[in-house]
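A.B. asks: Take this structure first; my questions come after.
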Amino acid sequence: MTAHSLTFVLASVWVGASICAAAPVAEFIPVTNWARVPNDRPFSLKVSGVAIDSKGRVYVAHRGPHPVIYFDHDGNYEGTIGELEIIPSVYYDLTGSVPKPMERCPWVHGLHVDPWDNVWVTDVGRHIVMKFSREGKLLMTLGTADHHGDDTRHFNQPTAVLVTPAGEIFVADGYGNSRVVKYDREGKFLLTWGKRGTGPDEFHTPHALALDSQGRLYVTDRENHRIKVYDQQGKLLATWPDLYCVDAIAVHGDFLYGGCGPYGIILKLDLTGKLLDAWGGPRQFGYPHAIALDSEGSLFVAEVAAGRVTRYRPASSEVQKQILK
């Protein structure tokens with residue numbers, strides 16, 4: 001993508017214009033009909049999360065029956081997790097002056113697999129974070145089910161969870177409280193930072209979390225159109241501005257990939273915040289709400305407005321040259 005076309009795409013994102021889908025970026029090739037979803041366990045329209053474990057299994061969260069489904073590396077269905085624990089609730093849209101009740105369904109939002117292949121879910125309807133074993137046993141619940149608040153025992157619509165290699169837990173308490181909360185590996189509260197606002201120490205909807213190999217924590221400050229970088233004690237290290245409505249992030253090696261949900265755009269940045277590429281559009285992605293990359297560099301996109309998870313495999317250097325000609 002040339003500098004001119006990249007500028008056009010980003011300008012279109014900012015004004016909310018409807019743009020045509022760009023040609024697939026040379027780095028990735030789409031894998032057609034990757035996930036073989038059983039006929040009796042279809043995804044709901046709202047596919048909200050995707051995560052990958054150490055064996056290459058791909059976990060997909062959606063807001064219908066069987067809310068967490070997992071597949072092998074090739075997209076073959078293997079099973080479900082959390083069917084008895086992730087139960088329907090009513091989520092409230094907090095964007096207006098009065099909270100607006102939405103439909104009753106399993107409001108699974110964030111999905112994360114920790115270094116020990118435990119599966120973590122954030123439930124924005126019930127205000128909790130759940131940890132499941134690889135076998136599907138509920139191991140831990142953070143927050144108080146069906147009760148919201150802003151203290152050490154409550155969340156208000158938590159959006160994302162991340163576990164470090166040391167076992168410490170970070171939760172983006174995103175929609176209601178606009179803060180990040182840290183716990184030790186046993187679930188004991190350690191610290192919290194942030195509140196609703198636009199200042200350097202404030203958030204407006206911290207929506208997704210990622211960690212790099214140096215232990216830096218990346219937080220999408222979605223409604224403030226920026227990504228913020230912290231150390232693990234909540235010290236602000238950097239702010240990347242002018243990144244519009246980034247719902248999803250994932251760090252892979254020396255790069256960060258982001259999904260601008262409303263505009264169907266995938267971004268690629270280096271770890272200083274320099275924008276390297278942008279591609280997609282509303283004809284290609286139906287609101288990229290979560291993204292993940294596997295050990296081979298394949299990119300998985302959970303599309304919350306399209307009812308699907310799509311996979312893009314990395315292109316070889318020769319294929320990239322041909323596409324870029």
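The values are calculated or read from the model by the stated rules, or taken from the named source; none is laboratory data. Source: prediction; values computed, not measured. Neighbour counts are summed over all protein chains in view; Cβ atoms, including those assigned to glycine, are modelled from backbone coordinates with ideal geometry. Side chains are part of the model used for accessible areas, which takes the heavy atoms of the whole protein and leaves out ligands, DNA and RNA. Shrake-Rupley method; radii C 1.70, N 1.55, O 1.52, S 1.80 Å.
A.B. asks: Mind listing whichever residues of region 264-296 are in a loop (DSSP other than H, G, I, E, B), of a type outside the set (A, V, I, L, M) and surrounded by 15 or more Cβ atoms within 10 Å (Cβ to Cβ)? Step through it out loud before you land on a result.
C.D. replies: Initial filter on region 264-296 (in a loop (DSSP other than H, G, I, E, B)): 264, 271-274, 281-287, 294-296.
If we keep only those that are of a type outside the set (A, V, I, L, M) too, we end up with 264, 272-274, 281-287, 294-296.
Correct list: 264, 273, 281, 282, 284, 285, 286, 287, 294.
A.B. asks: Can you list the strands (runs of 3 or more DSSP E) lying wholly within region 70-110 that have 1 or more residues being of a type in the set (Lys, Arg)?
C.D. replies: 100-105
A.B. asks: Here's another thing I want to ask about it. So, in region 247-263, of the ones that are more than 14 Å from residue 288 (Cα to Cα) and among the aliphatic types (A, V, I, L, M), which residue ends up surrounded by the most Cβ atoms within 10 Å (Cβ to Cβ)? Break it down into steps so the answer makes sense when it comes.
C.D. replies: Filtering region 247-263 down to residues more than 14 Å from residue 288 (Cα to Cα) leaves 251-256.
When the remaining residues are screened for being among the aliphatic types (A, V, I, L, M), the result is 251, 256.
Details: 251: 17, 256: 24.
The residue in question is 256.
A.B. asks: What number of residues within region 200-242 are open to solvent by 10 Å² or more (accessible area, probe 1.4 Å), in contact with a Ser or Thr (Cβ under 9 Å, 6 or more places away or on another chain) and either without any contact (Cβ under 8 Å) to a residue 24 or more places away in the chain or assigned to a loop (DSSP other than H, G, I, E, B) (or both)?
C.D. replies: Of the residues in region 200-242, 8 are open to solvent by 10 Å² or more (accessible area, probe 1.4 Å), in contact with a Ser or Thr (Cβ under 9 Å, 6 or more places away or on another chain) and either without any contact (Cβ under 8 Å) to a residue 24 or more places away in the chain or assigned to a loop (DSSP other than H, G, I, E, B) (or both).
A.B. asks: Out of region 151-166, which residues are within 17 Å of residue 90 (Cα to Cα) and in contact (Cβ under 8 Å) with a residue 40 or more places away in the chain?
C.D. replies: Selection gives 157, 158, 159.
A.B. asks: Which one of 56, 49 is at pLDDT 95 or above, of a type outside the set (Phe, Trp, Tyr) and part of a strand (DSSP E or B)?
C.D. replies: On the way: 56 fails: part of a strand (DSSP E or B).
It is 49.
A.B. asks: Something else: Can you report the number of residues in region 88-122 which are among the hydrophobic types (A, V, I, L, M, F, W, C) and surrounded by fewer than 17 Cβ atoms within 10 Å (Cβ to Cβ)? Steps first, please.
C.D. replies: Step one: list which residues in region 88-122 are among the hydrophobic types (A, V, I, L, M, F, W, C), which gives 90, 94, 98, 102, 105, 107-108, 111, 113, 116, 119-121.
Pick out the ones that are also surrounded by fewer than 17 Cβ atoms within 10 Å (Cβ to Cβ) and you get 90, 94, 98, 102, 116.
Looking only at that region, the number is 5.
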